[in-house]
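Have a look at the structure below before the remarks.
The values are calculated or read from the model by the stated rules, or taken from the named source; none is laboratory data. Just so you know, these numbers come straight off a predicted model, no measurement behind them. Virtual Cβ from ideal backbone geometry, glycine too; neighbours counted across all protein chains shown. Ligands, DNA and RNA are stripped out before the accessible areas are found, and what is left, the full protein with its side chains, is counted by its heavy atoms. Shrake-Rupley method; radii C 1.70, N 1.55, O 1.52, S 1.80 Å.
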Amino acid sequence: AFIDEQLQKVKDELNTNADSLNDYRQDNKIYNLDDESIALSSKLSTLELDVDNINKKLAYYTQLKTYLETSKSFTELPAPAIAGIDDANILSNIAKINALSVQKSKYESTVRSSSSIFTEIDSQIEAIKMVLLENISSGKDGLQREKQFISSKISTAESKFRKLPKDQQKLLNIQRQYSLNEQSYNLFLAKISEANIIKAANVSDILVIDPAKDTDVKAI
């Protein structure tokens, strides 16, 4: 559902960018740009995409932190793969806390609520949650440093970009935004394919055609 929502948002922005790009080219009669301008714009696009990916990861960490601090069950933790998170500690601890939550959920239907097993599982969940919050803090700090480094590169490239003619700057800005949204759109398409594969692998293909009925037949 999260991917579908993001996909539709990016799709709308992509259509708007395409219209703006075509309108600007026609209104200003600019269709071709020199190689240097294209190379500079391409470099900026790559750097801006890197920043966009970092922002997605930071947003995920914020969402995960809120979930951990406000939820009592952790069977539906946001999937790290959605934001491109590949931190081994995050992935491992999310898998652990999810497995414990699922285990607790199963016990709740078969074991007394006063059983010590719940205290033990809650203690393990709390310990992993604290480690995860530390992982999140560390991960966000690292991403912020990486973002600052890339931003400094963007500033250098933009200083060169501002020396181009104004009409070329405008066109290249529109093209860069279109390219950024296009790559985000393709990324979410790939993610939704991954999600569908995972869903298909975890959802039973057994279909109940006709539920069993009590016909009052007595055993002999």
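Let's test the formula: R0 of 25 Å, r as the Cβ-Cβ distance of Asn22 and Ala59. What FRET efficiency results, to the nearest 0.05?
On the way: r = 31 Å, r/R0 = 1.24.
It comes out at approximately 0.20.
Taking a straight Cα-Cα cut-off under 19 Å and skipping sequence neighbours fewer than 8 places away in the same chain, the lysines within cross-link reach of Lys72 are Lys96, Lys104, Lys106, Lys129. Modelled this way, with points 7 Å down the Cα-to-C-beta line, the labels at Leu133 and Ser159 are 4.3 nm from one another. Note on segment 13-159: dipole from Cβ charges, positive end direction compared against Thr119, Asn98, Leu64; the farthest Cα belongs to Thr119.
Distance between the modelled labels on Glu36 and Asn186, one decimal in nanometres: 2.9 nm (7 Å Cα→Cβ projection).
Coordinate range of the alpha-carbon atoms in segment 121-177 per principal axis, descending: 64, 19, 8 Å. If you wrap the tightest convex hull around every Cα atom of segment 26-142 and split its volume per residue, you get 145 Å³. Taking every protein chain into account, the accessible area of segment 44-158 amounts to 57 square angstrom per residue (probe 1.4 Å). Projected label points at Lys140 and Ser123, each 7 Å from Cα along the beta carbon direction, are separated by 3.0 nanometres.
3J(HN,Hα) along segment 171-183, derived from phi through the Karplus expression 6.51 cos²θ - 1.76 cosθ + 1.60 where θ = phi - 60°, amounts to 4, 5, 5, 5, 5, 5, 5, 5, 4, 4, 5, 5, 5 Hz, with x in place of Gly and Pro.
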